[in-house]
Amino acid sequence: MKEIPPTPESFRELAAAADRLLTGLADLTDADVPAPSALTGWTRGHVLSHLARQAPALERLLTWARTGVETLQYPDRATRDAEIESGAHRSAAALVADVRETAAHFQRSAEELPEPAWQATIRPFTGELCTPQRVLVIRLRELELHHVDLDLGYRVADIPAGARNIILADVLGYYAQAADVPPFTLRDDGGAELARYGTGGPVVSGTPADALAWLSGRSAGTGLHTTTTTLPVLPRWL
């Protein structure tokens, strides 16, 4: 799974993603909060509540790395879901303030993590063993893709190339380890191979943004081309 080093450039990517999200929330109203998001069953309030609660959850993993004491991201899925639900019905101002404050706190925690802790072994809620360098990828991915999910005009194509390439590499790595991925080759619009799954199968090509939107379930494959009549059917991502 994708990891990125704790460099000033990585921290700037995270801060910029949070700033883009908060800029996109500048005109959010109370009427916008209960409207459906692009995620089935979740309102915009649910998406924002998730982003706010995810930041301290990821900080718990940083605490694990710093102290060596196992500190779970979430005790279980029911607890995670209850946290999201309990915060999803607040006012727009309360939700945005929560997202802003928790994002800033996470940013400080990451930037202040001692250098040796970045090599510690931890385990996110998704179960993989990794270092805290993966936490940076998870947070960047969630900020950017859930910004898209809010359905406020921000699209996968609007994600800057640096952040998009990190997230795309993470999603491609997920499918490399997932079960039931049909064979296919993915190429960018310039013909460069991005990934190959199995042997044979169609070639799927398009822009990195269109590829990321499809692979992450944010589009049905708009803008992509395939050497067969239909795109491969992918297992559900995350």
**Message:** Take the residues in region 224-238 that are assigned to a loop (DSSP other than H, G, I, E, B) and either closer than 18 Å to GLU144 by Cβ or of a type in the set (Val, Ile, Thr) (or both); name whichever of them is least open to solvent (accessible area, probe 1.4 Å).
**Reply:** TRP237
**Message:** Test of understanding: among GLU70, GLU59, GLU13, which residue is in contact with a Gly (Cβ under 8 Å, 6 or more places away or on another chain) and at pLDDT 95 or above?
**Reply:** GLU13
**Prompt:** Tally time: how many residues in region 62-109 are surrounded by 14 or more Cβ atoms within 10 Å (Cβ to Cβ) and among the β-branched types (Val, Ile, Thr)?
**Reply:** 6
**Yes/no for PRO75 being touching a residue at least 24 places away in the same chain (Cβ under 8 Å) and not charged (D, E, K, R)** = no
**Prompt:** Do any residues in region 188-212 that are buried (at least 21 other Cβ atoms within 10 Å of the Cβ) have Cβ atoms under 8 Å from those of residues that are of a type in the set (Lys, Arg) and part of a strand (DSSP E or B), where the two are at least six apart or on different chains, and which pairs are they?
**Reply:** VAL204/ARG187; SER205/ARG187
**Fill in**
Per the list (1) closer than 23 Å to GLU3 by Cα; (2) touching a residue at least 40 places away in the same chain (Cβ under 8 Å), residue check on ASP180 breaks on (1)
**Complete:** Considering region 147-180, residues that are open to solvent by less than 10 Å² (accessible area, probe 1.4 Å) and among the charged types (D, E, K, R), and then whichever is nearest to GLY41 (Cα to Cα), we arrive at ASP149
**Prompt:** Within the set of pairs 6 or more residues apart or between chains, which connect a residue that is among the hydroxyl-bearing types (Ser, Thr, Tyr) inside region 84-112 to a residue that is surrounded by 13 or more Cβ atoms within 10 Å (Cβ to Cβ) and outside any helix (DSSP H, G or I) with Cβ atoms less than 9 Å apart?
**Reply:** SER91/ASP30; SER91/VAL33
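To keep it simple, each residue is scored yes or no on (1) part of a helix (DSSP H, G or I); (2) in contact with a Phe, Trp or Tyr (Cβ under 9 Å, 6 or more places away or on another chain); (3) not polar (S, T, N, Q).
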site: ALA110; (1), (2), (3): yes, yes, yes
site: LEU113; (1), (2), (3): no, no, yes
site: TRP118; (1), (2), (3): yes, no, yes
site: PHE125; (1), (2), (3): no, yes, yes
site: ARG134; (1), (2), (3): yes, no, yes
site: ILE138; (1), (2), (3): yes, no, yes
site: ARG141; (1), (2), (3): yes, no, yes
site: GLU144; (1), (2), (3): yes, yes, yes
site: VAL148; (1), (2), (3): yes, yes, yes
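For (1) buried (at least 18 other Cβ atoms within 10 Å of the Cβ); (2) among the small types (Gly, Ala, Ser); (3) in contact with a helix residue (DSSP H, G or I) (Cβ under 9 Å, 6 or more places away or on another chain), each residue gets a yes or a no:
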residue: LYS2; (1), (2), (3): yes, no, yes
residue: PHE11; (1), (2), (3): no, no, yes
residue: THR23; (1), (2), (3): no, no, no
residue: TRP118; (1), (2), (3): yes, no, yes
**Prompt:** Does any residue of region 30-47 turn out to be under 14 Å from the mean Cα position of the chain (by Cα) and surrounded by 20 or more Cβ atoms within 10 Å (Cβ to Cβ)?
**Reply:** yes
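The values are calculated or read from the model by the stated rules, or taken from the named source; none is laboratory data. For clarity, every value in this text was computed on a predicted model and none was experimentally measured. Cβ atoms come from the backbone with ideal geometry, glycine included; neighbour counts cover every protein chain shown. Note: areas computed on protein heavy atoms with side chains; ligands, DNA, RNA excluded. Shrake-Rupley method; radii C 1.70, N 1.55, O 1.52, S 1.80 Å.
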